[in-house]
Amino acid sequence: MDHSRAPVLEALGHYRRDGLLPFTPPGHKQARGADPEVREVLGDAVFASDVLAISGLDDRRASGGVLRDAELLMADAVRAEHTFFSTCGSSLSVKAAMLAVAGPYEKLLVGRDAHKSVVSGLILSGLRPVWVEPSFDDERHLAHPPSPAAYERAFAEHPDARGALVTSPTPYGSCADLAALADICHRRGCPLLVDEAWGAHLPFSDRLPTWAMDAGADVCVTSIHKMGSGLEQGSVFHLQGDRIDPAVLRSRADLLGTTSPSVLIYAGLDGWRRQMALHGPRLLDRALDLAAQVRARIEEIPGLHVDGHAEYAGTGLAAAFDPLPVVIDLAGLDLSGYAAADWLLRHHRLTTHLADHRRISTQLTHADDESTAGALLEALRDLAAHAAELPRPAPVAVPSAAELRLEQTCLPRDAYFGAVADVPLGEAAGRVAAEMLTPYPPGIPVALPGERLNGPVLDYLATGIRAGMYVPDAADPRLRTVRVLAGEGSAPGA
């Protein structure tokens, strides 16, 4: 296929050159009606490209095939059989994939390190999750993707499961053995779904871990805005094989998606595919070389350590490692990631991707160069030089892997929609959660609706918040109270 083409961008160019006069939404009518201050900040080019997908970018029957052609080119670029665009982020895409595999009360194997969007999918669908435990590093308090053996055991205990879902890469860069997981699923006639939101770049470099489609996965969900060049909310999901009907997958996405998709986001997806198809290996080679240099320079800064392959991949850990999320351990400076992230923002106007009780992540992509890398290194050296002036980290009571595992007493949907009560945090142990409690980023819930809360998890959240943790999805983000099922019994449908 001709990857120099970009059907969405070409159609936008035609729209603007032809001087079409819209009597349709959006109501700003090519910026003419937009607030002057908004136009000044955003620029008129944003409004000029904000058109309807139907009766705008394409005609009322979509007979020009603009979106279809863009999706076909994307599929070809990444060696998938089908690709679907989403303007609602991978949060929608992963829900659509789950709904295409199983229905209410049917089982799906799910890695317990799944993103909150997966849990939202469980709540909306009524699926019955069979949780598969991550590979937990007790020394560093890090979860890596579950092992193939863990999925094998889960299938043996639940042979009626309709499929499996795994998150790979994690936001920290550790990757699952996807080929082994695909084989485990396919021997049972089941599909493998991969939440590869952090892996948009993987298909375009043989120096990176194998991406989901090449490993044999059936569906792969990717956020182009995370490690690619797309706009926020730009996501694609890819399909191959005959275990999931593409019409069913598209229908499930249609159930959840907007009827007013953003052409701006479509254009970002289309342009990123062209960029990667034409230049991806060269751009990623440069990014990986830069990441190696940055990692080496950070390691020279006293008190800082960069997590790498040795810490993440190997027996009992992950199967592979993506070096572009540069995760920096601050234990040698006796600093929390929360304090370090705040200091870097305040003193260097530098934002970090995630922060936890002992780490920050400084994500690199193909957009970085020697200038941005130099600014990062300068800021980190300055942080190390001023570390003694920063407050000592408040202790965070991080539970062991066993303590993190909570009993699932009922379906997430039944707990979420059940009768609830807000109880003081100190009285919540033993109660069944009716909300997600999710440190963010990276957005992996510590407690889910339907799980019975225990003391160590509640202590972790309480001490984490005092140290700087952010838990935005709780009814009370300060966690003075926790939302639980009312009464002592569990919700119906357990």
### Message
For the stretch 397-412, give me each residue that is among the hydrophobic types (A, V, I, L, M, F, W, C) and part of a loop (DSSP other than H, G, I, E, B).
### Response
A397, V398, L406, C410, L411
### Query
What is the number of the single condition among (1) at pLDDT 95 or above; (2) in the same structural domain as G13 (by TED's automatic domain parsing) that S260 does not meet?
(1)
### Task
Report yes if A62 is of a type outside the set (D, E) and assigned to a helix (DSSP H, G or I), otherwise no.
no
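Yes/no per residue for (1) small (G, A, S); (2) surrounded by 18 or more Cβ atoms within 10 Å (Cβ to Cβ); (3) assigned to a helix (DSSP H, G or I):
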position	(1), (2), (3)
R381	no, no, yes
P393	no, yes, no
D414	no, yes, yes
G430	yes, no, no
### Query
In the set V118, V94, V110, V132, which member is out of contact with any Pro (no Cβ under 6 Å at 6 or more places or on another chain) and over 28 Å from D206 (Cβ atoms)?
V118
### Query
Which residues, counting only those in the stretch 336-368, are among the polar types (S, T, N, Q) and over 20 Å from K226 (Cα atoms)?
S336
### Task
Output the residues belonging to the stretch 79-110 that are touching a strand residue (DSSP E or B) at 6+ places or on another chain (Cβ under 9 Å), surrounded by fewer than 24 Cβ atoms within 10 Å (Cβ to Cβ) and part of a helix (DSSP H, G or I).
G89, S91
### Query
Just a yes or no: is a residue in the stretch 331-351 outside the structural domain of P171 (by TED's automatic domain parsing), under 14 Å from G173 (Cβ atoms), of a type in the set (D, E, K, R) and touching a Lys or Arg at 6+ places or on another chain (Cβ under 7 Å)?
no
### Message
Which numbered condition in (1) under 20 Å from V119 (Cα atoms); (2) in contact (Cβ under 8 Å) with a residue 60 or more places away in the chain; (3) within 17 Å of the chain's Cα centre (by Cα) is the only one that C175 fails?
### Response
(1)
### From the options A161, A212, residue that is within 30 Å of S361 (Cβ to Cβ) and not assigned by TED's automatic domain parsing to the domain that holds D322
A212
### Task
Kindly indicate whether A340 is surrounded by 21 or more Cβ atoms within 10 Å (Cβ to Cβ), of a type outside the set (K, R) and within 25 Å of the chain's Cα centre (by Cα).
yes
### Summary
Of (1) within 18 Å of A320 (Cα to Cα); (2) crowded, with 24+ Cβ neighbours inside 10 Å; (3) in contact with a Cys (Cβ under 9 Å, 6 or more places away or on another chain), A197 fails just (3)
### Query
Are any of the residues in the stretch 435-457 over 24 Å from the mean Cα position of the chain (by Cα) and within 15 Å of A486 (Cβ to Cβ)?
yes
### Message
Let me spell it out: the conditions are (1) of a type in the set (D, E); (2) closer than 22 Å to H225 by Cβ; (3) not in a loop (DSSP other than H, G, I, E, B), and E311 meets all of them except one. Which number is the exception?
### Response
(2)
#### Entry: Any chance P456 is of a type outside the set (G, A, S), surrounded by fewer than 19 Cβ atoms within 10 Å (Cβ to Cβ) and farther than 19 Å from A402 by Cα
no
### Message
Which condition from (1) surrounded by fewer than 20 Cβ atoms within 10 Å (Cβ to Cβ); (2) outside any helix (DSSP H, G or I) is the one that D113 breaks?
### Response
(1)
## Note on the structure
Picking from G271, G280, G316, the residue that is touching a residue at least 12 places away in the same chain (Cβ under 8 Å), in a loop (DSSP other than H, G, I, E, B), out of contact with any Lys or Arg (no Cβ under 9 Å at 6 or more places or on another chain) and of a type in the set (G, A, S) would be G316
### Flag for D18 being outside the structural domain of G271 (by TED's automatic domain parsing) and either exposed (fewer than 15 other Cβ atoms within 10 Å of the Cβ) or aromatic (F, W, Y) (or both)
no
### Query
Can you spot a residue in the stretch 251-274 that is over 27 Å from S336 (Cβ atoms), of a type in the set (K, R) and more than 22 Å from the chain's Cα centre (by Cα)?
yes
### Task
Could you please find all residues in the stretch 352-369 being within 14 Å of L288 (Cα to Cα) and touching an Asp or Glu at 6+ places or on another chain (Cβ under 7 Å)?
none
### Task
Report yes if some residue within the stretch 5-20 is over 30 Å from D218 (Cα atoms) and assigned to a loop (DSSP other than H, G, I, E, B); otherwise report no.
yes
## Note on the structure
Among V51, V46, the single one that is surrounded by 14 or more Cβ atoms within 10 Å (Cβ to Cβ) and touching a helix residue (DSSP H, G or I) at 6+ places or on another chain (Cβ under 6 Å) is V51
#### Entry: Yes/no for D183 being acidic (D, E), under 30 Å from G27 (Cα atoms) and not in a loop (DSSP other than H, G, I, E, B)
no
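The values are calculated or read from the model by the stated rules, or taken from the named source; none is laboratory data. No experiment lies behind these values; they were computed from the predicted model shown. Every residue, glycine as well, gets a Cβ built from its backbone with ideal geometry; the counts of neighbours run over all protein chains shown.
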